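Before any comments, here is the structure.
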Amino acid sequence: MKLFLSLSLVLSMCFFKAQDHISSFNAVTLTYKFHPKFFLYGEGQLRGNEDYTYPDYYEIKGGVGYNLTKNHKPFVGLGRYVNYKNHDLSKEEFRIWLQDVIDLKKGFVKFENRFRIEKSWFYEPNTDKTSQRMRYRYRLNISVPLNSKTIQKGTVFANAYDEIFLVSPMKPTFARNRIYGGFGYQIDDYFGVLTGYLWQREFDAAGNRNLHFIYLALNINIDGTKHPVKTYDFPGAD
C-alpha cells in the first residue's frame, strides 16, 4: 500500500507540473457476479473538465454481462450523462450500448480488447435542441502485476490503454483518442484502487482540444457465487 501511495504522489506531482491545466476524473465501480455466467456492473463518475476542484460533468450507468468463456465477456448497458457549463446544465444524454470484451494473456501480461457500439440521444435545455449519435469504440488495455504473478490481495499492478472513438453522422468521423497510464492496488477480496494520468484528444471541425485528467477510482468486486477462485475486474477509465 505504501508503494502504491508513493507512485500515486509522484505521478500526480509530475503531471501537475507538466501541464497548464489539469482536469479531474473520479469513479466508483461495482461488479457483482450473481451467477457463474452472469454479472451486473454499475458505475458513477464525477469529472471537473474546466476546473479540477469543481465538477461540471457526471454520469451514472450500468448493465449486465455474460461470461461466454473465461476470457470472452459480451455486455449490454445503458446510462445517463450530464454536462454543465458556467454552473448551468448544458446537455443531457441517454445512451445504450453493446460491447464485446476479449482477453488475451501472454505470461503474466493481460491484453484486453474491447469493442463497443453506442446509440445516444441528446437534449440541450438552453436551446431546446435534440440530436442523436452513433459511436464506435475500440480499446486495447494492458495490465501487468508488479509484485505477483496474478492480481490478488496485496498486488500492485500497472495499467495502460489506448482507445479510439468514431462517430456518425457528425464530422470528423475520428472524434477522439484517449491514452491512459497508471497504477492499481488490490486491497483485499473486495476493494481495489487505481490512479493515473489520462490524455484525451478531441477532434472537432471548429478546433481540436486536449484534456489532461488525473484519474482516481475505487473498484468493488463481489462474487455472490462463492467460487473458490477469485477474479478481479478493473474496468479502467471509461
- Restricted to the range 94-108 and to residues being among the hydrophobic types (A, V, I, L, M, F, W, C) and under 29 Å from Ser24 (Cβ atoms), the residue surrounded by the most Cβ atoms within 10 Å (Cβ to Cβ) is Val101
- How many of the residues in the range 102-133 are among the acidic types (Asp, Glu) and within 30 Å of Ile151 (Cα to Cα)? 2
- Report yes if some residue within the range 123-139 is more than 25 Å from Val82 (Cα to Cα), modelled with pLDDT of 95 or more and surrounded by 13 or more Cβ atoms within 10 Å (Cβ to Cβ); otherwise report no. no
- Query: So is Leu218 in contact with a strand residue (DSSP E or B) (Cβ under 8 Å, 6 or more places away or on another chain), within 19 Å of Glu59 (Cβ to Cβ) and either surrounded by fewer than 18 Cβ atoms within 10 Å (Cβ to Cβ) or among the acidic types (Asp, Glu) (or both) or not?
  - Reply: yes
- Message: For the range 170-208, give me the residue count where each residue is outside any strand (DSSP E or B) and crowded, with 19+ Cβ neighbours inside 10 Å.
- Response: 0
- Note on the structure: Among residues of the range 94-142 being more than 25 Å from Gly63 (Cβ to Cβ) and in a strand (DSSP E or B), the residue farthest from the chain's Cα centre (by Cα) is Lys129
- Message: Can you report the number of residues in the range 160-185 which are at pLDDT 95 or above and of a type in the set (S, T, N, Q)?
- Response: 1
- Among the residues of the range 17-67, how many are within 16 Å of Leu216 (Cα to Cα) and in a loop (DSSP other than H, G, I, E, B)? 5
- Item | Residue check for Ser90: farther than 29 Å from Tyr190 by Cβ and either of a type outside the set (Phe, Trp, Tyr) or at pLDDT 90 or above (or both) | yes
- Positions within the range 59-88 being buried (at least 16 other Cβ atoms within 10 Å of the Cβ) and either closer than 28 Å to Thr231 by Cα or of a type in the set (Ser, Thr, Tyr) (or both), in sequence order: Glu59, Lys61, Gly63, Gly65, Asn67, Lys73, Phe75, Gly77, Gly79, Tyr81, Tyr84
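Among the residues of the range 155-182 satisfying the criterion of being of a type in the set (Phe, Trp, Tyr) and within 19 Å of the chain's Cα centre (by Cα), which is farthest from Phe213 (Cα to Cα)?
Applying the filter and picking the extreme gives Phe157.
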- Task: All but one of (1) more than 19 Å from the chain's Cα centre (by Cα); (2) surrounded by fewer than 17 Cβ atoms within 10 Å (Cβ to Cβ) hold for Lys91, so report the exception by its number.
- Result: (2)
- Message: From the list Asn147, Asn159, exactly one residue is crowded, with 18+ Cβ neighbours inside 10 Å, over 29 Å from Ser90 (Cα atoms), touching a strand residue (DSSP E or B) at 6+ places or on another chain (Cβ under 9 Å) and of a type outside the set (Gly, Ala, Ser). Which is it?
- Response: Asn159
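The values are calculated or read from the model by the stated rules, or taken from the named source; none is laboratory data. None of these values were measured; they are calculated from a predicted model. Quick reminder, even Gly has a Cβ in these numbers, built from the backbone with ideal geometry, and neighbours come from all protein chains shown.
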